[in-house]
Amino acid sequence: MAEEVSSQMNSLSISETNPSSSATISLVSGDDIVFKVEPTIAKEMETVQSFIDETDGKITTIPLPNISSHDLPYVIEYCEKSIAGKITKEFEAEFVKKLNNEEVKELFLAANYLNIKKLLDFLSQVIADRIANKSVEYVRRYFGIENDFTPEEEAKLREELAWTFTGVDPDDEDEN
Amino acid sequence: MRRFMNFMLLAQQTMRKRRRRERLMEKKKRKTKMVTPIPPKPFVHEELIIEILLCLPVKSLIRFQCVSKQWFSLISDPNFVKSHFQLTPHTRRIEFISSDFGQTTSIDFEEQFDLENAFVKQCNFFHPHVDSLIQIISSCRGFIFFHHSSGFCILNPCTKVHKQIPLAPGEFETNLELRYFYYLYGFGYDPLRDDYLVVSLSCIPAEEDLSRVEYFSLKDNKWKQIEDTYFLYTIDKIDPRVGSLYNNAIHWLALHSDSLVEVIVVFDLTERELFEMPYPNGVEHKSDHCELWVFGEFLSLWAMDCENSKIEIWLMKEYNVHSSWIKAIVLPMNILSPHQFSPICSTKYGDIIGTDGSRLMRYTDKGEFIEGSSYIPFADTAVSSGFPSIMYTESLLSLPGDHMQAYEDDSD
């Protein structure tokens, strides 16, 4: 486990390059992987920061049970860029290129949980762009929404809104 | 849904509440020696859904009303709709209206005429086989205003929200062709009162006391004549004209009825009064070969120079500053068809879109011809005095006091 952590940290080049700064914050993912980050990174995550503030900085290990070790490095990467003032269109395009629709959704939830406004806004737009041309069925599945229209109600609505059902992407081609 | 009084405010409040709640929870947890922050809300929580919905284009939102009853209410909510119109970049299209066939067709024009992805919408409330002359057409915030059978119609082609507006009480008969009056019309939005107005200016030459300035307020649902204001102008085209909406005011070209000096007559939609601006210096063409429109961010005048086969495009660089008028672009006319060319709108890249009555055409801002499309649906209903097409901005907005009447209405 310890080795896994350090390899994660190397790939993200967090903390160790700057030992003189104040105590690092340990973020513990839902699957118990520890990510050490600079306090400045924690500041970007309002939920984490308010937690630190509440404990007067005495507690520096923060469990984030709802965020997996798969998602957390992405969040940290985004926060690092944000602090460095290097959030560009190019960076954002590269950032989401690696992510499939499920991963984008997970990150969106993580951003909401951690209360990172910039990331949340950005991912709202990414999700919107990715579902804009999708079918109603796809959207229900994606958000886990139950259709509570009766078949008659839905048929009537679809007939009235028929023009919006043209040019919709087929459902199967996207999952990645 | 009525719960969001002001969507943006609420979002902020919820965020603050959430933080407070989280802190409280955290305090509790410390006491019980648990250090786990609260679990996230379920994904279907409205706040999060709304964040995403606000980023979607109008067409997707309308389709996604079918997702569930919750989504239907969220997307139809008047406060959501307003926030969406304010926050989401606007999509503009050119709409063609045919009352003969009870349908409308719209195309994307920003980069090229996207004929393959035209939206064709059935609008069953059109009465077939009635007078289908559409001489007057204008648009504002996703609504299209046009003359239709015995009155006017305001239609949001996306939501199909629509309303019939009667002719002003003082208007001569109901047929626009059989009258001795000169008429100027306009349609616009009053942001102060969140109201839409249809404006009608009418006059009989040499009978000033019969001239009148009237407007129909959608909120009050009635016509109102502005007392003691006379429309002392005339126009040198027989057909009724529709004004250009710019800066919360409607603008028409007209002539002083006594001196026949050309002026720009303006109706301020928030002040609800008339004023005039002088005609730009240097435009040497008669006003019957000119028209006002909006080019990019500017009120503009295009003037047809028939002798030299060109169209000049003038811009008022600073609103209501006479000296700021400049001649910006000259379009050559020699490659145009003999029909009269008239601009419709400009694209976000500065291209000029216009029509010669049978085609849509695109010019660069340097006056170079780029493309012409013979695609004009319902070309047979086009009339010499006008062309039933208009640029509009897609929106989900409804008219005052008129929420959600659209779908019910269409079935009857």
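The values are calculated or read from the model by the stated rules, or taken from the named source; none is laboratory data. From a predicted model like this one, the values you see are computed outputs, not experimental measurements. Note: ideal-geometry Cβ built from the backbone for every residue, glycine included; neighbour counts use all protein chains shown. Surface areas here come from the heavy atoms of the whole protein model, side chains and all, with no ligands, DNA or RNA. Shrake-Rupley method; radii C 1.70, N 1.55, O 1.52, S 1.80 Å.
Residue by residue, segment B:230-235 carries 3J(HN,Hα) couplings of 10, 9, 8, 10, 9, 10 Hz when phi is fed to the Karplus relation 6.51 cos²θ - 1.76 cosθ + 1.60 (θ = phi - 60°); x denotes Gly or Pro. Annotation: amide H of A:I87 has no partner in the under-5 Å range at sequence separation 5 or more or interchain, hydrogens built in the peptide plane. Phi angles of segment A:148-154 translate, via the Karplus equation with coefficients 6.51, -1.76, 1.60 and θ = phi - 60°, into HN-Hα couplings of 9, 7, 6, x, 5, 4, 5 Hz per residue; Gly and Pro are given as x. Residue by residue, segment B:312-327 carries 3J(HN,Hα) couplings of 9, 10, 9, 10, 9, 5, 10, 4, 6, 10, 4, 6, 8, 5, 9, 7 Hz when phi is fed to the Karplus relation 6.51 cos²θ - 1.76 cosθ + 1.60 (θ = phi - 60°); x denotes Gly or Pro. The shape of segment B:41-80 comes out prolate: with a ≥ b ≥ c from the C-alpha gyration tensor, a/c is at least 1.5 and a/b beats b/c. The simple Förster model, with R0 at 35 Å and r as the Cβ-Cβ distance, assigns B:V261 and B:H90 a FRET efficiency of 0.40.
Interface of A with B. Using a 1.4 Å probe and counting protein heavy atoms only, the two chains hide about 4300 Å² of accessible surface, both sides summed. Modelled spin labels at A:E152 and B:N248, positioned 7 Å past Cα toward Cβ, are 4.8 nm from each other. Label-to-label distance, B:A328 versus B:E227, with points set 7 angstrom from Cα along the beta-carbon direction: 4.2 nm. For segment A:38-92, what class follows from the C-alpha gyration tensor (a ≥ b ≥ c being the square roots of its eigenvalues): rounded when a/c is under 1.5, otherwise prolate if a/b is larger than b/c, else oblate? Since a/c reaches 1.5 but b/c is at least a/b, the shape of segment A:38-92 is classed as oblate. Projected label points at A:I87 and A:D171, each 7 Å from Cα along the beta carbon direction, are separated by 3.4 nanometres. Amide H contacts under 5 Å for B:L167: B:F152, restricted to partners 5 or more places along the chain or on a different chain, H placed in the peptide plane at 1.01 Å from N. Taking amide H as placed 1.01 Å from N in the peptide plane, the amide H of B:T91 sits under 5 Å from that of B:E394, each at least 5 places away or on another chain.
At an R0 of 22 angstrom, the distance between the Cβ atoms of A:R141 and A:K98 translates into a FRET efficiency of 0.45. Computed from the C-beta positions of B:T270 and B:V321 and an R0 of 22 Å, the FRET efficiency is 0.65 to the nearest 0.05. Beyond 27 Å in Cα-Cα separation lie the following of the pairs A:K36/A:K81; A:K97/A:K118; A:K97/B:K69; A:K43/A:K86: A:K97/B:K69.
Tell me whether segment A:119-161 comes out rounded, prolate or oblate; compute the Cα gyration tensor, take square roots of the eigenvalues as a ≥ b ≥ c, and use a/c under 1.5 as the rounded threshold. Taking the square roots of the gyration eigenvalues as a ≥ b ≥ c, segment A:119-161 is prolate. Neighbours of B:D220 by Cβ distance under 11 Å: Lys/Arg scored +1, Asp/Glu scored -1, total +3.
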